[in-house]
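A short write-up of the structure that comes next.
The values are calculated or read from the model by the stated rules, or taken from the named source; none is laboratory data. This structure is a prediction, so every number in the text was calculated from the model and none was measured. Cβ placement follows ideal geometry from the backbone for every residue including glycine, while neighbour counts extend to all protein chains displayed. Areas reflect the complete protein model, heavy atoms only, side chains present, ligands, DNA and RNA absent. Shrake-Rupley method; radii C 1.70, N 1.55, O 1.52, S 1.80 Å.
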Amino acid sequence: MEQLANNVSNNEETNHPSSSLKKDLLSLMKIGIVNSNILTTFTGIWLAIQINGLDILDYLPKAIITVIGSSLIIAGSCVINNYIDRDIDPYMERTKNRPTVTGNIKPSVTISIGILLLIVGFTFMAFTTLMAVVYAFIGAFTYIVLYTLWTKRNYTLNTVVGSISGAAPPLIGWAAIDANLHPIAWMLFLIMFIWQPPHFLALAMRRSEEYKRAGIPMLPVVYGFEMTKRQVMIWVLCLLPLPFYMQALGLPFIIFATILNIGWVILGLYCYKQKDDQKFSKLMFIYSINYLTLLFMSMIVFTISF
């Protein structure tokens, strides 16, 4: 059935070149990353409005501009990342079909698209606040320069450095509404920053052989699975106290977030005792995705009645 679906998909793409181009462009922009960051950016916007007692209708145009602008900046950063990584992407199963690898989109076109997206994105952000532009720049610079160009191919701390850029969207969203960041905004940053290492280290365990072929010094490649699992658990444990610094979101949120955190710890300990590396990496990765979605959606739901 899977092969049949692939054949049908291939035939459709052959018959509809525009569909194939659209797929390549979305792949180039890493649309999954863009979409997930829309939620975290909007959460920053929403909470800034709620905490400051503002009327969301008054700030709706700015919210829309912020979501569009930040999404374009993230997309542009991802395109440039693909341009830079086109020499190592063929060695990894999940990246070998990117248009920069297959040749569907030329390198010169790729870098042009990336720069254009960044320019348009920052143009949109210019209609918000200066601090939102600053945080957007820090996020893009960290991802392109500090992560992709520098640490990704040289240090196991690449995951931590990359987490800075991944934690920027909530700050961008909040700063677009309120440039004087509330402590809650920094808690959003910390949650995103701490969440990313266990998420990506679990993925790195699943793809360790591919990272090894590509010459990327991910933690499981350099120091092995045991060290990686310990690091994952340490990062997850660091999430435990954060909800208690977010009392402004109400007791129901604190209880819900704590349940999510404890659930992640329990799952990690259970998988760790099983001594099944693949099971550990798979379940921890799946939980991390659902954790982030549920946590940020709960911040919106529990503050609707403010």
If THR148 passes every condition in (1) assigned to a loop (DSSP other than H, G, I, E, B); (2) in contact with an Asp or Glu (Cβ under 9 Å, 6 or more places away or on another chain); (3) modelled with pLDDT of 95 or more but one, which one does it miss? (1)
Given (1) under 18 Å from the mean Cα position of the chain (by Cα); (2) outside any helix (DSSP H, G or I), where does ALA75 come up short, assuming only one miss? (2)
Among the residues of region 131-167, how many are of a type in the set (Phe, Trp, Tyr), within 16 Å of ILE115 (Cβ to Cβ) and surrounded by fewer than 17 Cβ atoms within 10 Å (Cβ to Cβ)? 2
Region 78-114 - residue that is small (Gly, Ala, Ser) and part of a helix (DSSP H, G or I) and, of those, least open to solvent (accessible area, probe 1.4 Å): GLY114
Which one of these does PHE200 not meet: (1) open to solvent by 60 Å² or more (accessible area, probe 1.4 Å); (2) in contact with a Ser or Thr (Cβ under 8 Å, 6 or more places away or on another chain); (3) farther than 22 Å from THR41 by Cα; (4) not polar (S, T, N, Q)? (3)
Just one of (1) open to solvent by less than 20 Å² (accessible area, probe 1.4 Å); (2) over 26 Å from TYR270 (Cα atoms) trips up ARG213, so point out which. (1)
With respect to ILE191, is the statement that it is aliphatic (A, V, I, L, M) and without any contact (Cβ under 8 Å) to a residue 24 or more places away in the chain true? no
Just checking, how many residues over region 55-76 are touching a residue at least 12 places away in the same chain (Cβ under 8 Å) and either open to solvent by 60 Å² or more (accessible area, probe 1.4 Å) or touching a Leu at 6+ places or on another chain (Cβ under 7 Å) (or both)? 6
Quick one: in region 44-72, of everything that is of a type outside the set (A, V, I, L, M, F, W, C) and more than 24 Å from THR123 (Cβ to Cβ), which residue is nearest to the chain's Cα centre (by Cα)? GLN50
Is region 232-248 home to any residue that is of a type in the set (S, T, N, Q), at pLDDT 95 or above, assigned to a helix (DSSP H, G or I) and farther than 18 Å from GLN196 by Cβ? yes
Residues being over 25 Å from ASP276 (Cβ atoms), without any contact (Cβ under 8 Å) to a residue 60 or more places away in the chain and among the aromatic types (Phe, Trp, Tyr): count how many of those fall in region 226-245. 1
Residue tally, condition among the charged types (D, E, K, R) and in contact with a helix residue (DSSP H, G or I) (Cβ under 7 Å, 6 or more places away or on another chain), over region 205-239: 5
What residue, among those in region 272-291 that are touching a helix residue (DSSP H, G or I) at 6+ places or on another chain (Cβ under 6 Å) and not hydroxyl-bearing (Ser, Thr, Tyr), is surrounded by the fewest Cβ atoms within 10 Å (Cβ to Cβ)? LYS279
Filter region 237-271 down to the residues that are open to solvent by less than 10 Å² (accessible area, probe 1.4 Å) and either over 23 Å from PHE302 (Cα atoms) or aromatic (Phe, Trp, Tyr) (or both) and list them by number. PHE253, TRP264, GLY268, CYS271
